[in-house]
Amino acid sequence: MTHTDETTSWSLETQLIHGGICKPPAASAGLPTVHPIYASTTYVHNSAHALDQAFNGITPTGEQAYVYARQGNPNSYALEDALKQAERGVGALAFGSGMAAIHTALTAAGLTTGTKVLASQDLYGPSIGLLRKVFEPTGVTIVLADLCNERVSSLIENEQPDVIYLETLSNPLVKVADLDKISAAARAVGAVTVVDSTFTTPYLLRPIEHGIDLVVHSATKYIGGHGDSNGGIVISASNALLNQARTYATMFGAMLSPFESHLMLRGLRTLALRMERQCQNAMQVAYFLQKHSAVERVHYPGLTQHPHHALATTLLKSEHFGGLLSFELKEQTREAAYRFMDRLELCLPATTLGDVFSLVSYPPMSSHRSLSQRERQQMGITEGCIRLSVGIEQVEDIIRDLDQALQ
Ligand SMILES: Cc1ncc(COP(=O)(O)O)c(C=O)c1O
C-alpha cells in the first residue's frame, strides 16, 4: 500500500486530494488518551490479502479489523467494548437509536412468521408500535400482558412464547420486573429473553447476570446523559445471538456514527457519578412529593409503599432505585397537568429522560399518546400523571421548582 508514502511525483491536484491521509501515530510520537474520531467510511489495508482477511473482522495478528464503517469502526467498537464489559456480555453492537437496537434485537431473537412474542403491556409506546406495525404484519403473534405480575411464571408456561420482551422498570409507573423468575420460566419453554434496561443502566442492574439473553438500551438516555446524541445498544449473552444481531444490523444499516459513538463513550465515563446523584436526588424528591398536599400518589420503587419495593431492594444496586419517578396530581385533569408544566422554571418540560437536567413529561401527551384514555386508565395511568426524570442539579433547587409549580 503506497497511499501514506511520500508521493512528490504526483501533480499538485493529486497531492491536494491524497495529502494528509491518516498515518497511525507511532507510540514514540505520543498516543492520544482519548480515541480520535475516525470520520472514515472505508479502511485501507497493507495488501489485498490483508483486506481479504479484514472482511472477517480480524487482522493477521488477531486484532479488530475494519473495512467499511457501516460494518464497524473504531469509535463504535470502543463503545461496544466498554458496554460489553459493563453488562457482562460476550459482545455488543451500537445503533443510531434505541428503536433501531430494539428492532435488531427482536429480529435476532427469532421474531418471524409463525412465532409468538410475549411482551410487557407497559412497554415504551413506540416499542409496542414496532411490534404491531412491523412484526405483526409479517405473521408474528403478539401477546401483551403485565409481566411485573406475581403470576408471570405460569403466564409464560401457558403462553409458550418464542420471545419474551420487557423493560426492567416500567414507564411511567416504575414497576419492577423479576428478571430471575422470568428468565427461569423462559428457559423452561425455550424462549429467548430481550430486556430493555434503559432506565436501570449497568450501574443499577446487569440483566445478563440474571439469565437474560439480550439487553438493549436507548443510549440517548442515561448512557449519553447530556441530551446531545441519539443512540442504541444491544448486548448479547451468547455468541450465537450476537452473530445473528450483527448480520441484521449490517443489513438494516442503522449503525451509530463515529462522532455519536465518541459522544456516547464520553457520556459513559461519568455514568456512575450521574446515576449516583440522580438516584439520591430522586429519593429526596419522592419523599417531598409524597407529603405534598397537591399530590395524590407517588410511584417510585425506593418508597416502602411501592408494591415492588422489596424486589427492587434485592434486584437493584443497594439503596439505588433509579432517577425516574411519576406522581399523580390531586386534580386528575389534563388542564391541571398543563398548568403545572407551564409554571416550571427549572425542570424542563420535554420528551426524554436520563439527561443531566431534570425533565418533566406528561405520558398522556407523549409516551402513551397513541392509547385511548380508557386504555391508559386500565394500565393505571391517570389524567393527572406526571413523569419526572430527576437530573443532577442541587436537589433543593429541583424541589423548590416543583413546589412553586404545584402551588
Ligand atoms: C425505555 C425506552 N426504550 C427505548 C426508547 C427508544 O429510544 P430512542 O429514542 O433512542 O430510539 C425509549 C425512548 O424514550 C425508551 O424510553
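Every number here is computed from the coordinates shown, using simple stated rules; none is lab data. Source: prediction; values computed, not measured. Please note: Cβ atoms are built from the backbone with ideal geometry, for glycine as well, and neighbour counts cover all protein chains shown.
Each Lys and Arg Cβ is given +1 and each Asp and Glu Cβ -1; about its Cα centre, the chain then shows a dipole of about 380 debye.
Taking every DSSP beta bridge with both residues inside the stretch 271-406, roughly what % is antiparallel (nearest 5)? Roughly 85 percent of the beta bridges in the stretch 271-406 run antiparallel, per DSSP. Work out the charge dipole of the chain with +1 on the Cβ of Lys and Arg and -1 on the Cβ of Asp and Glu about the Cα centre, then indicate which of GLN290, SER261, LEU388 is farthest towards its positive end. About the Cα centre, the residue reaching furthest to the positive side is GLN290. Taking other Cβ atoms within 10 Å as a rough exposure proxy, MET251, MET264, MET379 sort from fewest to most as MET251, MET379, MET264. In a DSSP loop and with at most 15 other Cβ atoms within 10 Å, the GluC sites (Glu not before Pro) in the stretch 318-390 are GLU319, GLU331, GLU345. Rounded to the nearest 20, the Cβ-based charge dipole of the stretch 271-406 about its Cα centre (Lys and Arg +1, Asp and Glu -1) stands at 360 debye. Please report the antiparallel percentage of DSSP beta bridges with both residues in the chain, rounded to the nearest 5. Of all bridge pairs located within the chain, approximately 60 percent are antiparallel.
For the pairs LYS175/LYS330; LYS84/LYS181; LYS116/LYS175; LYS84/LYS221; LYS116/LYS317, flag any whose C-alpha to C-alpha distance is greater than 29 Å.
Values: LYS175/LYS330 21 Å; LYS84/LYS181 24 Å; LYS116/LYS175 24 Å; LYS84/LYS221 18 Å; LYS116/LYS317 33 Å.
Those over the limit are LYS116/LYS317.
Net charge of the neighbourhood of ALA92, taken over other residues with C-beta under 13 Å away and scored Lys/Arg +1, Asp/Glu -1, is +1.
With contributions of -39500 (n - 2.57) from each DSSP H run of at least four residues, the per-residue ellipticity at 222 nm computed over the chain stands at -11000 deg cm²/dmol. Each of ASN75, HIS368, MET275 was placed along the dipole of the chain (beta-carbon charges, centred on the mean Cα), and the one lying farthest toward the positive end is HIS368. Under a model in which nothing but the beta-carbon of Lys, Arg (+1) and Asp, Glu (-1) is charged, the stretch 24-92 shows a dipole of about 80 debye around its Cα centre. Taking Cα atoms only, the orientation of helix 179-189 departs from the longest principal axis of the chain by about 70 degrees. Tilt of helix 271-291 relative to the longest C-alpha principal axis of the chain, in degrees (0 to 90, nearest 10)? Result, in degrees: 10. Nearest 10 degrees is fine. How inclined is helix 74-87 to the longest principal axis of the chain, computing both from alpha carbons? On a 0 to 90 degree scale, this one is about 40. Note on the stretch 73-269: antiparallel DSSP beta bridges, both residues inside, total approximately 45 percent of the bridges counted.
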